[in-house]
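K.L.:
Sharing a structure below in structure tokens format, with a few things to ask.
The values are calculated or read from the model by the stated rules, or taken from the named source; none is laboratory data. These figures come from a predicted structure and were not determined experimentally. Neighbour counts run over all protein chains shown; Cβ positions are idealised from the backbone, glycine included. What goes into the accessible areas is simple: the full protein's heavy atoms, side chains included, and nothing from ligands, DNA or RNA. Shrake-Rupley method; radii C 1.70, N 1.55, O 1.52, S 1.80 Å.
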Amino acid sequence: QVQLVESGGGLVQAGGSLRLSCAASGVTVSFTTMGWHRQGPGKQRELVAVVTRGGITNYADSVKGRFTISRDIAKKTVYLQMNSLTPEDTAVYYCRSSSAVGNYWGQGTQVTVSS
């Protein structure tokens, strides 16, 4: 059974940083494309960053240069380092895994950036 558990969200001032973690079980991270998505108030869920099974990363234009996705295969954990946060980054952030066994989502973690 696949489980994804996010943590690390919270309240931060504009310009600050947060690091989100996604602990995965039931999947092999190195064989899985892992991504972070977010859904802001009144907005559709959008892709923020992804790391493929081959280790290739890709980012939404809105976060390039500010956010970094990484993974620790041994710990089965994917991270999202978020720097220079702005109020527009306020959202619920979700972890997602995509592999041959299917697509799975975590429960989400709230990130609130105050101005």
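K.L.:
Would you check which residues across the stretch 103-115 are within 11 Å of the chain's Cα centre (by Cα) and open to solvent by 40 Å² or more (accessible area, probe 1.4 Å) and list them?
P.N.:
Result: Trp105, single match.
K.L.:
Which condition from (1) closer than 17 Å to Tyr104 by Cα; (2) outside any loop (DSSP other than H, G, I, E, B); (3) not aliphatic (A, V, I, L, M) is the one that Gln1 breaks?
P.N.:
(2)
K.L.:
Could you pull out the residue among Val27, Val12, Val5 that is β-branched (Val, Ile, Thr) and farther than 21 Å from Ser98 by Cβ?
P.N.:
None of the others qualify; the one that does is Val12.
K.L.:
May I ask you to list the residues in the stretch 88-102 that are open to solvent by 50 Å² or more (accessible area, probe 1.4 Å), modelled with pLDDT of 95 or more and out of contact with any Phe, Trp or Tyr (no Cβ under 9 Å at 6 or more places or on another chain)?
P.N.:
Glu88
K.L.:
Can you find a residue that is in a strand (DSSP E or B), more than 16 Å from the chain's Cα centre (by Cα) and either at pLDDT 95 or above or among the β-branched types (Val, Ile, Thr) (or both) anywhere in the stretch 65-76?
P.N.:
So in the stretch 65-76, the residues in a strand (DSSP E or B) come out as 67-72.
Filter again for more than 16 Å from the chain's Cα centre (by Cα), leaving none.
Taking every residue of the stretch 65-76 in turn, none turns out to be in a strand (DSSP E or B), more than 16 Å from the chain's Cα centre (by Cα) and either at pLDDT 95 or above or among the β-branched types (Val, Ile, Thr) (or both).
K.L.:
Looking at the structure I just gave you, is Thr32 out of contact with any Phe, Trp or Tyr (no Cβ under 6 Å at 6 or more places or on another chain) and at pLDDT 95 or above? Step through it out loud before you land on a result.
P.N.:
On the way: out of contact with any Phe, Trp or Tyr (no Cβ under 6 Å at 6 or more places or on another chain): yes; at pLDDT 95 or above: no.
The answer is no for Thr32.
K.L.:
Return yes when Leu11 is open to solvent by 60 Å² or more (accessible area, probe 1.4 Å) and part of a strand (DSSP E or B) and no when it is not.
P.N.:
On the way: open to solvent by 60 Å² or more (accessible area, probe 1.4 Å): yes; part of a strand (DSSP E or B): yes.
Against the criterion (open to solvent by 60 Å² or more (accessible area, probe 1.4 Å) and part of a strand (DSSP E or B)), Leu11 qualifies.
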